[in-house]
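Please read the structure below before turning to the comments.
The values are calculated or read from the model by the stated rules, or taken from the named source; none is laboratory data. The structure displayed is predicted, hence computed values, not measured ones. Cβ placement follows ideal geometry from the backbone for every residue including glycine, while neighbour counts extend to all protein chains displayed.
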Amino acid sequence: MAEEAAFTTELGAAVPGRALDAGVTRAWVTGDGVGGADRALRRRIEARGGLRHVLAVTGGRRVDAWAAKVPPEGWHRPSAGEGAKGPRLHDRAFLPHRGAPPGRATGLLVRRKLDEPDELASHLTLAPAGTDLATLVRVAGTRWTTEACFEVAKGEVGLDEYEVRS
């Protein structure tokens with residue numbers, strides 16, 4: 001008899017643990033707003049040897065209020081990697097938070113579009129103390145590669161027709 005699979009929204013929560021259990025080396029965990037909004041997921045990632053992460057978060061009022069207080073010199077423009085049209089550039093600012101484990105730093109990485117400065121996106125971060133802005137931006141940009149691969153796969157193998165995961 002075939003093993004039954006159960007539907008779960010927790011697949012993303014299980015992947016980092018399974019990868020570590022299988023001996024996969026890791027540098028960072030990244031994720032979209034679903035993962036970033038899941039406090040329990042963030043805690044499980046952090047509990048696994050203090051994995052470093054850059055996780056997108058949704059919700060704008062607090063980010064908007066904070067971003068409005070960033071002085072012009074607080075915004076920087078490091079590349080998040082190469083895109084189809086060249087470097088992926090946005091203005092970025094970083095707000096450190098208290099409460100990180102020893103040797104680590106937590107914070108909020110904010111992205112502002114160049115042509116629409118009122119449109120913001122943000123990421124929660126946990127990184128080694130002293131990690132620079134360019135590194136956090138580069139890590140946040142790795143999600144774009146994964147999303148681009150999924151877009152190609154949707155057309156190439158028909159994933160656009162099904163929402164099946166195993």
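A40 fulfils the conditions (1) within 20 Å of L120 (Cα to Cα); (2) under 16 Å from the mean Cα position of the chain (by Cα); (3) of a type in the set (G, A, S) except for a single criterion, (1).
Pairs linking a residue in region 61-73 that is in contact (Cβ under 8 Å) with a residue 40 or more places away in the chain to a residue that is among the basic types (K, R), with Cβ atoms under 8 Å and 6 or more positions apart or on different chains, are A67/R112. Set side by side, the residues R138, R111 differ, and just one is under 23 Å from R42 (Cβ atoms), assigned to a strand (DSSP E or B) and at pLDDT 90 or above, which is R111.
Screening A134 against (1) over 16 Å from the mean Cα position of the chain (by Cα); (2) small (G, A, S); (3) surrounded by fewer than 19 Cβ atoms within 10 Å (Cβ to Cβ) leaves a single unmet condition, (1).
Quick grid of which residues meet (1) of a type outside the set (V, I, T); (2) crowded, with 16+ Cβ neighbours inside 10 Å; (3) touching a residue at least 12 places away in the same chain (Cβ under 8 Å); (4) in contact with a Leu (Cβ under 6 Å, 6 or more places away or on another chain):
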{"residue": "K85", "(1), (2), (3), (4)": "yes, no, no, no"}
{"residue": "H90", "(1), (2), (3), (4)": "yes, yes, yes, no"}
{"residue": "L95", "(1), (2), (3), (4)": "yes, yes, yes, yes"}
{"residue": "A100", "(1), (2), (3), (4)": "yes, yes, yes, no"}
{"residue": "A105", "(1), (2), (3), (4)": "yes, yes, yes, no"}
{"residue": "L108", "(1), (2), (3), (4)": "yes, yes, yes, yes"}
{"residue": "R112", "(1), (2), (3), (4)": "yes, yes, yes, yes"}
{"residue": "P117", "(1), (2), (3), (4)": "yes, no, yes, no"}
{"residue": "L120", "(1), (2), (3), (4)": "yes, yes, yes, no"}
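Of the residues A13, A40, only one is in a helix (DSSP H, G or I) and at pLDDT 80 or above; which? Talk me through it step by step, then tell me what you get.
Numbers: A13 fails: at pLDDT 80 or above.
Testing whether each residue is in a helix (DSSP H, G or I) and at pLDDT 80 or above leaves just A40.
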